[in-house]
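Please read the structure below before turning to the comments.
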Amino acid sequence: MNREDIERIEPANFIEEEVKKDLLNGTYNEVVTRCPPEPSGYWHIGHCKAWLIDFETARKFGGYTNLRMDDTNPTKEDGNFAESYLADLEWLGCFPKKVIYASEAYFDKMYELAEKLIMDGKAYVCELSAEDVARTRGTLTSAGENSPYRDRPAEESLRLFRDMKAGKFKDGEVTLRAKIDMASPNINMRDPVIYRVLHATHYKTGDKWCIYPMYDFAHPIEDALEGITHSICDISFEDHRPLYNWFIQNCFPDMKNPPRQIEFALFNLEYVLLGKRYLKQLVNNGVVMGWDDPRFYTIVGMRRRGITADAVKNFMLNIGITKSVSILPLSAFEYYVRDDLNKKATRAMAVLDPLKVIITNYNGEPEEIEIENNPNDENAGKHKAKFGREIYIEKEDFSLAPPPKYNRLVEGGIVRLKGAYIIKCNKAVLDKNGEVDYLECEYFPDTKSGCDNSGMKCKGTIHFVEKSNSFEVTIREFKNLVKQEYLEPSKALASGVSVEELIDSDTLVERKALAENFLKTAQVGDKFQFMRKGFYCMDKDSTEENFVFNSTISLKDTYKK
């Protein structure tokens, strides 16, 4: 990208302002960012903001983004998680230039650089236990204490470090620490651990290594080796930035324009649990259907529920990028979900709580009617439905004792059937318990939708399905997993509330419904608006004998922009 093109770019946030400045100053010739997940769990909505910032920033300035698996902890990582990230990025519309596994690409070089730090007198092997390391690190108001091993000769530390690599020490018995400043006001600079002994099989490298680098060491080394220009991190890494810079300066002293770390604030959603270890606990305890449970705000969970990538992206673009952590109302996200589905979801008729209606003056074969697939998309076309003698409407669309302003069906009243005719209820037939068993209605043949010249006025329109043109489906309705009293789940957990206490009961309800036969052509992942009810998505548990539809979101919007 030439200078004139860069000058024309209007930054949308402070990160883009800094990137533009760096390009115009000649600090970097291009923009290279990285998406650096640890493959220890499935991504959730919070990760989407980070990854979209990485990809969108690079794209806007004509650069590119790599997907780098920061797989430095074999006890937590799994290849299945790593593989899922590729599908998640594709779903988000993000396509990395390279897919890199740190374990394969950088572990040898990291080890070499660690030896260099030892020989330069900037790292040493420490035999303090983890507890003693923590005890001697000091506090925010008091300096730390030097390790008794801090001044051991470089040759001795090098020999011990090679013994660590050779498997001569047990887990936790020794560590390699950077020699920086135990009196630094930044605790992260107080001789942090670089390598630890960990006898664990790695999902990529097997048993090649029994020592593994710490993330604070691996992160800057990977960025430098990869040619990353802007290492965009969440705000929790702000205090780690001096350490990031220290490692690059001391491992690559001749690098003229090293990577630059820039931090931004993540966000939380009200009543939404996002922490990977808590989600994992719910999965392992069988509380949910898996990582892709539609009640989870993991990417796989959102996809299964029917939430679109565009809804996620539009939400992220509109909440902005700041340095202040915020908690946003869940309804704010739902606004964008509803808005996008309204443009894309195919309309269909499904009756979730059926009430039989007999059209007493209709005696012929069921006749075809047409239903618009999406009134917001002129290219969406129409599909065929049917009207006949026996139909089903929602129970809530009829009332023996209607409340004020009730514009649906009552005895002696009229209502229009979507895409069909105006009908009048002449009689409600009750069962032995005094409940409505079925309705006897008549239709008006000259009131068919699209060619009504009757002059009849009708206030209400309801959906329906015709008996021969309907089949039974399973509907899954969801409530939010987190109880209403826990607005901020992370704070509740920090205060000692258990995950089990957070979770509401009966958050999944399955019910049978009647849907028009048009839905028999649905495929897993297809999204529909069941007229007057909400948005639904066909679930992967569907079979030829049982179509399952997940409730995505209601039609009603409670969010004010």
> For the chain, with only Lys/Arg (+1) and Asp/Glu (-1) charged at the beta-carbon, what is the dipole magnitude about the Cα centre, in debye rounded to 20?
Replying inline: 680 debye
>> Run the simple label-point estimate for Thr139 and Gln523 please: 7 Å along Cα→C-beta, distance reported in nm.
In response: 6.2 nm
> Taking K and R as +1 and D and E as -1, what net charge do the other residues with C-beta under 14 Å from the C-beta of Asn550 add up to?
Replying inline: +3
>> Under the rule of at least 5 residues apart or a separate chain, name every residue whose amide H is placed under 5 Å from the amide H of Ile211.
In response: Leu198
>> Could you give each residue of segment 64-71 its phi-based ³J(HN,Hα) in whole Hz, using Karplus coefficients 6.51, -1.76, 1.60 with θ = phi - 60°, and x for Gly or Pro?
In response: 8, 10, 9, 9, 10, 7, 7, 8
> In what order do Arg305, Arg338 fall by count of nearby beta-carbon atoms within 10 Å, going from fewest to most?
Replying inline: Arg338, Arg305
> So how do Cys451, Cys48 line up by other beta-carbon neighbours within 10 Å, fewest first?
Replying inline: Cys451, Cys48
>> Below 8 Å between Cα atoms, with a sequence gap of 6+, how large is the relative contact order for the chain in percent?
In response: 12 percent
> Hey, what does the equivalent ellipsoid look like for segment 41-199, semi-axes from the Cα gyration tensor as sqrt of 5 times each eigenvalue, largest first, whole Å?
Replying inline: 36, 19, 16
> Candidates (i) 1.11; (ii) 1.19; (iii) 1.07; which is the computed Rg/Rh (Cα atoms, Kirkwood Rh)?
Replying inline: (i)
> Taking 0.36 nm per intervening residue step and subtracting the Cα-Cα distance, what contour gain separates Glu155 from Ala265 on full extension?
Replying inline: 35.3 nm
> Residue by residue, what Karplus-based ³J(HN,Hα) values in Hz, rounded to whole numbers, does segment 311-317 have, using 6.51, -1.76 and 1.60 with θ = phi - 60° and x for Gly and Pro?
Replying inline: 5, 5, 5, 5, 4, 4, 5
> In sequence order, what are the phi-derived ³J(HN,Hα) couplings for segment 499-513 according to the Karplus relation 6.51 cos²θ - 1.76 cosθ + 1.60 with θ = phi - 60°, rounded to whole Hz, with x for glycine and proline?
Replying inline: 4, 4, 5, 5, 7, 6, 8, 6, 8, 10, 10, 9, 8, 8, 9
> Between Lys512 and Tyr406, what is the spin-label point distance in nm, taking each point 7 Å from the Cα along the Cα→C-beta axis?
Replying inline: 2.7 nm
> Given the pairs Lys165/Lys280; Lys386/Lys533; Lys356/Lys418; Lys382/Lys448, which are separated by over 22 angstrom at their Cα positions?
Replying inline: Lys165/Lys280
> For the charge dipole of the chain, defined by +1 on Lys and Arg C-beta atoms and -1 on Asp and Glu C-beta atoms about the Cα centroid, which residue among Phe217, Ile422, Ala380 has the Cα displaced farthest towards the positive pole?
Replying inline: Ile422
>> If amide hydrogens are placed 1.01 Å from N in the peptide plane, which non-local residues have theirs closer than 5 Å to the one on Asn268?
In response: Ser326, Ile327, Leu328
> Residue separation times 0.36 nm, minus the C-alpha to C-alpha distance between Lys540 and Ala87: what's the value?
Replying inline: 161.4 nm
> Residues with beta-carbon under 15 Å from that of Ala350, excluding Ala350: net charge, scoring Lys, Arg +1 and Asp, Glu -1?
Replying inline: +1
> With a 10 Å Cβ neighbour count serving as the proxy for reagent exposure, in which order, fewest first, do Ile262, Ile235, Ile391 appear?
Replying inline: Ile235, Ile262, Ile391
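Only the coordinates and a few stated rules stand behind these numbers; no lab work does. What you see is a predicted model, and the numbers here were worked out from it, not measured in a lab. Because the Cβ atoms are built from the backbone with ideal geometry, glycine has one as well, and the counts that use them run over all protein chains shown.
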